[in-house]
Amino acid sequence: MALNEFDDLKIVALAGGVGGAKLAHGLAGVLPPENLTVIVNVADDFELYGLTICPDLDTVMYTLAGIASPETGWGIAGDTFHCMESLIQLSAPAWFRLGDRDLATHLARTRRLWDGETLTQVTRHLCASLGIGPRILPCTDDLLRTIVETDEGDLEFQEYFVRRKCDPAVRGFILRGKEAALPTREFLAALEEADAVVFCPSNPLVSLGPILALPGVRERIAGANTVAVTPIIGGRAVKGPLAKMFSELGRESSAVEAAREYRPLLRGFVLDREDASRTGEIESLGMRVETADTLMRDEPGRRELAARVLRFAQSLAAE
Ligand code: FO1
């Protein structure tokens, strides 16, 4: 007999940046660390000043380590920006704000990558150094990059997201490297063992989309017990440009559209209470629906939502 309600449950969570990291943190709060594997998007990664920057991996890492900036959700709490200030003084590019302590992560990562370690190995080392229990894995060790097709031309993801503040209208996406990139052995093994796969409230187009685009991943997930948490509440993305992207692509900015994006992979969808009136539309996509407060205002809110998601997954498995 398990001591804790979820002690026997092995979970794989798919995550992008800030929203995904919050639910992953909630899951880490209710599951034994060895039972949680967080698979993270790497298609937002880029190179700056010769450094390999992995914003989503770092956001998940810092959040699970309890050191993420509470103001932004990314970067390290209380970080200083002396290096950035000097770069500005030297008229060097400073549009992507790297804190001084955050920079240490990029330096340490880049050095290990240059020494021949895979991103999976480097991430394992960084997580161990930060005292993180659950496993955080990049979805691939290969090159995978989102290019945003806009009315002003093709832009690398961070150019679009940070430098251009998501201003250009989106026409589509190119996933550079997807022909050659493979999911890691560790990712596939975790899927094999999982009792449920949780799609965190991340952008389905540019955060979870690249993970699901890796060869064999959709096929493996199709047979699993799967639950997603809505990344959209009341037509607004909880964080980031998803609602704007949907409307520029001629789609409705809604939780229903997010659910549709994951069809036919999902067994369950957690909808925000505010959108309860859309339950029937999502059920007609072939998913069970649970309504909950999905905003995760504080740490207890993250754990509460995580527990709701796991109970929902357990009920789906029992059907
Ligand atoms: N987002 C911003 O809007 N502006 C920044 O200057 C910025 C810097 C940054 C540095 C390190 C890091 O790990 C994340 C950072 N982010 C910044 C967030 C990042 O662009 C997004 O979280 C993701 O790529 C979208 O999921």
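The values are calculated or read from the model by the stated rules, or taken from the named source; none is laboratory data. Computed from a predicted structure; not experimentally measured. All Cβ positions, even for glycine, are placed from backbone atoms using ideal geometry, and neighbour counts span all protein chains on display.
What to note about this one:
- Residues of the range 167-183 satisfying the condition of being hydrophobic (A, V, I, L, M, F, W, C) and crowded, with 17+ Cβ neighbours inside 10 Å: VAL170, PHE173, LEU175, ALA181
- Among residues of the range 198-210 that are more than 16 Å from MET296 (Cβ to Cβ) and within 11 Å of the ligand (Cβ to nearest atom), those with a Cβ under 6 angstrom from a residue that is of a type in the set (Val, Ile, Thr) and at pLDDT 95 or above, sequence gap 6+ or separate chain, pair up as VAL206/THR146.
- Taken together, the residues in the range 15-52 that are within 21 Å of ALA104 (Cβ to Cβ), charged (D, E, K, R) and buried (at least 24 other Cβ atoms within 10 Å of the Cβ) amount to 1.
- Scan of the range 135-177 for residues that are assigned to a loop (DSSP other than H, G, I, E, B) and either within 14 Å of the ligand (Cβ to nearest atom) or at pLDDT below 95 (or both), ordered by number: CYS139, LEU144, ARG164, LYS165, CYS166, ASP167
- Count - residues of the range 71-89 that are in a loop (DSSP other than H, G, I, E, B), more than 11 Å from the ligand (Cβ to nearest atom) and either at pLDDT below 95 or more than 22 Å from ALA128 (Cα to Cα) (or both): 2
- On the stretch given as the range 41-62, residues that are in a strand (DSSP E or B) and either of a type in the set (S, T, N, Q) or touching a residue at least 40 places away in the same chain (Cβ under 8 Å) (or both) total 5.
- Enumeration of residues in the range 90-116 that are touching a residue at least 60 places away in the same chain (Cβ under 8 Å), part of a helix (DSSP H, G or I) and under 19 Å from GLN158 (Cα atoms): THR110
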